[in-house]
Amino acid sequence: MSPRIFVTGATGYIGGHATDVLIASHPEYEVVTLVRAEEQGAALRAHWPQITTVIGTLDDEKVIKEQSAKADVVLQLASSDHIPVVKSAIAGLAIGGGKLIHISGTGVLNDMSTGAGKSAPKVYDDIKDLKEITSLPDSAFHREVDDAVFTTGAQSNVPTAIICPPLIYGVGQGPLKKRSMQIPFLSEAILKRGRGFTVGEGKNIWDHIYVGDVAKACIVLIEEALKPHGGSAQWGPEGYYFVESGEFAWKDVAAKITEIAKDLGKIETADVDELSVDEASKFHPWAPVLWGGNCRSRATRLRSLGWKPEGPTVWEALPAMVKAESDAL
Ligand SMILES: NC(=O)c1ccc[n+]([C@@H]2O[C@H](COP(=O)([O-])OP(=O)(O)OC[C@H]3O[C@@H](n4cnc5c(N)ncnc54)[C@H](OP(=O)(O)O)[C@@H]3O)[C@@H](O)[C@H]2O)c1
């Protein structure tokens with residue numbers, strides 16, 4: 001029988017791209033996706049005729065549990081912040097014997113201890129620093145959900161893996177949502193403001209990854225999940241995977257976005273202003289978190305499975321991302 005993969009979030013940016021790569025890499029898999037409404041299902045089936053869609057939300061315990069019980073792998077890419085979907089999926093997987101791959105985010109590492117716009121030295125390696133990463137305070141973003149994956153998975157004897165990307169860049173190739181978050185939000189803000197800006201000096205550092213390389217990381221973990229005993233991947237307490245290709249300072253990204261916007265003729269100057277947190281927050285309520293802190297991870301565990309980033313660099317991807325924001329205004 002073909003392996004059955006149940007995907008949540010296939011209407012979204014990460015889930016849409018990952019489903020596309022999954023189907024292209026493994027046309028033999030049976031792929032089932034969750035959608036909230038039939039029109040979304042119709043759009044997904046028009047794009048990927050071989051898939052099945054089921055209607056429900058992440059809160060529909062019965063639907064999630066039933067589909068998870070039938071799946072060899074649940075690829076939960078809809079939300080890093082939804083505990084009920086994790087519990088319902090694990091309840092179903094406990095019946096059927098499959099494995100969970102859940103998306104988190106390196107917002108969990110967000111470090112503003114040196115002040116907004118300042119660089120912070122702490123770098124987290126997902127092998128060397130695993131204990132520290134998995135015992136961050138509950139106040140850290142996504143942390144309670146990560147913990148629910150570990151504890152509920154262990155209680156139910158369900159193998160789990162958490163894939164934890166940093167800032168994801170690139171235009172998505174799924175059929176519906178193609179837009180990421182931090183770079184699109186900053187591009188939109190700069191285009192609307194008419195001038196570039198950073199939060200503080202913008203010396204704060206984030207790591208990043210191309211959306212297609214996140215998709216490939218999902219495929220690597222699915223392939224391992226389907227091997228006897230979970231293959232070479234780690235599951236459960238050690239199943240925590242960062243996925244990054246390098247890091248940048250936000251001032252360099254802001255400068256490049258501003259330059260591209262000027263070259264497009266959308267703004268008049270390539271000057272970049274340093275804004276206070278309060279000033280930047282007028283352009284997005286999450287400004288300090290989106291563009292003002294530090295998140296520095298190292299994807300050692302995934303690289304040990306043979307994964308490596310192959311996509312375009314963030315600098316290569318930026319023109320299309322800024323153009324997409326400009327076209328949408
Ligand atoms: N983008 C990044 O840089 C990044 C990096 C790390 C982590 N993350 C996290 O990864 C998750 C997915 O990110 P994304 O950028 O792919 O977001 P997205 O484009 O908004 O996609 C999320 C998808 O999940 C679906 N979904 C969300 N809540 C749902 C619910 N309650 N019931 C049914 N479907 C639901 C949405 O369906 P609808 O289309 O029906 O709304 C949407 O299509 C987010 O939690 C995000 O914080 C993102």
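Where the accessible area of the chain is counted over protein heavy atoms with a 1.4 Å probe, how much of it, in %, is carbon and sulfur?
52 percent
Sorted by mean Cβ packing within 10 Å, highest first, what order do the peptides 156-168, 219-231 take?
Taking the mean over residues of other Cβ atoms within 10 Å, the ranking is 156-168, 219-231.
Work out, step by step, the length gained on full extension between I95 and D273: first 0.36 nm times the residue separation, then minus their alpha carbon distance; give nm to one decimal.
58.5 nm
Students often forget the sequence filter, so: which aspartates and glutamates lie under 15 Å Cα-Cα from K203 once same-chain residues fewer than 8 apart are removed?
D111, E247, D252, D273, E274
Pull out the extension gain between H229 and K122, defined as 0.36 nm times the separation in residues minus the alpha carbon to alpha carbon distance; nm, one decimal.
Stretched out fully, the H229 to K122 stretch lengthens by 35.1 nm.
Need one word for the range 143-184: rounded, prolate or oblate. Basis is the Cα gyration tensor (sqrt eigenvalues a ≥ b ≥ c); a/c below 1.5 gives rounded, then a/b vs b/c decides.
It comes out prolate by the Cα gyration axes.
Give me the distance in nm between label points sitting 7 Å out from Cα along the Cα-to-Cβ direction at S139 and R193, one decimal.
Computed distance between label sites S139 and R193 equals 2.7 nm.
Mind checking the angle between helix 13-25 and the chain's longest principal axis? C-alpha axes, 0 to 90 degrees, to the nearest 10.
The two axes meet at around 50 degrees.
Hey, what D do you get for the chain in µm²/s if you plug the Kirkwood alpha-carbon radius into Stokes-Einstein at 10 °C and 1.306 mPa s?
Working: Rh = 20.2 Å.
Once the numbers are plugged in, D ends up at 79 µm²/s.
Using the crude model of +1 on Lys and Arg Cβ and -1 on Asp and Glu Cβ, and no other charge, please compute the dipole size for the range 216-329 relative to its Cα centre, in debye to 20. Each step should come with its number before you reach the end.
On the way: 13 positive and 18 negative charges, 121 e Å.
Taking the Cα centre of the range 216-329 as origin, the dipole is about 580 debye.
Just L264, L75, L176 to compare: in a GNM of the chain, with alpha carbon springs under 10 Å, which one fluctuates most?
L264
With the convex hull built on the Cα atoms of the range 127-197, state its orientation-averaged projected area in nm².
8.1 nm²
Looking at the square roots a ≥ b ≥ c of the eigenvalues of the Cα gyration tensor of the range 83-185, which shape do they give, rounded for a/c under 1.5, prolate if a/b is larger than b/c, or oblate?
oblate
Rounded to the nearest 10 degrees, what's the angle between the helix 211-225 long axis and the longest principal axis of the chain, both from Cα atoms, 0 to 90?
Long axis of 211-225 versus the principal axis of the chain: about 20 degrees.
Run the numbers on the range 1-108 and let me know its relative contact order in percent, using alpha-carbon pairs under 8 Å that are six or more apart.
27 percent.
Points 7 angstrom from Cα along the Cβ direction at E28 and T151: gap in nanometres?
Result: 4.0 nm between the two label points.
Here are some pairs, K177/K282; K122/K282; K70/K178; K122/K262; K192/K308; which of them have Cα atoms lying more than 32 Å apart in this structure?
Violating the 32 Å limit, Cα to Cα: K122/K262; K192/K308.
Using the Kirkwood radius built from alpha carbon pairs, what does the Stokes-Einstein equation give as D for the range 1-158 at 25 °C and 0.890 mPa s, in µm² per second? Could the numbers behind the result be given before it?
Numbers: Rh = 16.8 Å.
The diffusion coefficient I find is 146 µm²/s.
I'd like to know how the range 207-290 sits against the 2.2 N^0.38 Å rule of thumb: what's its Cα Rg over that expected value?
In units of the globular-protein estimate, the range 207-290 measures up at 1.66.
Sorted by accessible area (1.4 Å probe), largest first, how do D81, D273, D72 line up?
Values: D81 100, D273 35, D72 65 Å².
The ordering from most to least exposed comes out as D81, D72, D273.
The values are calculated or read from the model by the stated rules, or taken from the named source; none is laboratory data. Computed from a predicted model, the values in this text were never measured in an experiment. Neighbour counts are summed over all protein chains in view; Cβ atoms, including those assigned to glycine, are modelled from backbone coordinates with ideal geometry. Side chains included, ligands, DNA and RNA excluded: accessible areas come from the protein's heavy atoms. Shrake-Rupley method; radii C 1.70, N 1.55, O 1.52, S 1.80 Å.
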